[in-house]
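See below for the structure under consideration.
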Amino acid sequence: MSSADPSLNDAQLSSFKDALGAHFNPASHSDALLVRFLKARSFNLELAKTMFINWREWYAREGVDDIVANFAFHEHADLRKIYPKSAHKTDKQGRLLLFEQFGKLDATEFFQITTLDRISKLEIREAEKLELYRFAACSKAAGKVVDKVVVVMDVKDYPFMQFYRIQGLISMIANINSNYHPETLGQVLVINAPYLFSAVWSVIVNIIPADTASKCKILGADYQAALLEIVSPENLPAMYGGTCECPGGCNYADVGPWNDGTVEGYPDTFWEGFAQRDMDAQAAVLAAKMAEAGVVKPAAAKRGSIASLKERFSRKGSLAGPIPSVEGNNSTPRKSVTESIEEEDVFVDAE
């Protein structure tokens, strides 16, 4: 497939594939994926090659396949109470919308609930779900490759005096996304930003990648017109000026082309099973605590459904594909999101 990006020609793409050598796997790495790495390094072949190889080696080093297949975030329910986040429908371009109520985040409670290491694993798992599952559904729904998200971050009432305590969290997440999921961020809209936020922003721009900072737009309390410019009212939560009112609240919803029944082949039980996996883990942790306190006897964990999901993932393989420079990696090649779209003669959006 020829890239629709006017700044890239077929000769450049072919040269990049040749430069990657054994690191390029046609069964796993689509043209659109390669273009993202090239864009992230301003189409410098050597820099893009280094970034691509670093990504694949990081993939093996962090055990991404194992995290996707096995990691359970038992803290999810508790964390959502102090930091509501939702994958909520799409914008007018078909890009996935992520809403984050950052203003509710309390640093003290956050570190009582979880750790940076576990948040890192959660981010890795959810990023794989985004690339391999949600983007695929959004692409089918839009009739073109969709591989970007728009983040709406609500900072209303955030206690900015606590900001220094979560700098590491912000930096970690931004660097994972920038280095290992390049060019998937379309835009960040920071809403309800008070006057004090300008001082905080001057710190943030120094701890996140420059390309991420360049995609951020700071808005005050008068943000509704800006949101409605890119999001249809029916897809925008009523709390932010739209007309959508999801059962249980849009701020806790997980709804879009990947699970709303509008796209053939979706939802998929493996990817949708993460929520149940987390709830099972939460129940197991609670049971263990009760057993330790002598309240009840420990019960055998119910592993049947999770085991079947693991088996499904082992058959599906991974985004990065087998890695020749790292021994002991047994990943099975798998078609990427963009390849499944290409088979339907859909072209990459030249955004």
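A few remarks follow.
- Mean Cβ neighbour count within 10 Å, used as a protection proxy, ranking 27-36, 205-214 highest first: 27-36, 205-214
- Since only LEU227, PRO84, LEU132 are under comparison, the one whose Cα sits farthest along the positive direction of the charge dipole of the range 73-263, derived from C-beta charges on Lys, Arg, Asp and Glu, is LEU132.
- Expected-Rg normalisation [2.2 N^0.38 Å, Cα atoms] applied to the range 175-226: 1.23
- In a DSSP loop and with at most 15 other Cβ atoms within 10 Å, the chymotrypsin sites (Phe, Trp or Tyr not before Pro) in the range 176-257 are TYR195.
- Per residue convex hull volume, Cα atoms of the range 157-256, in Å³: 128
- Translational diffusion of the range 57-132 was estimated from the Stokes-Einstein equation, with Rh taken as the Kirkwood radius over Cα pairs; at 25 °C and 0.890 mPa s the coefficient is 176 µm²/s.
- Whole-angstrom gap from the range 179-226 to the range 95-128, using each part's C-alpha centre: 17
- Förster radius 45 Å - calculated FRET efficiency between GLU46 and LEU286 (Cβ-Cβ, nearest 0.05): 0.30
- Kirkwood Rh, angstrom, the range 73-263 [1 / mean 1/r, Cα pairs]: 17.1
Taken together, the values in this text are just the output of simple stated rules run on the coordinates, not laboratory data. Note that the structure is a prediction, hence the values are computed from the model and not measured. So basically every Cβ, Gly included, is an ideal-geometry build from the backbone, and we count neighbours across all protein chains shown.
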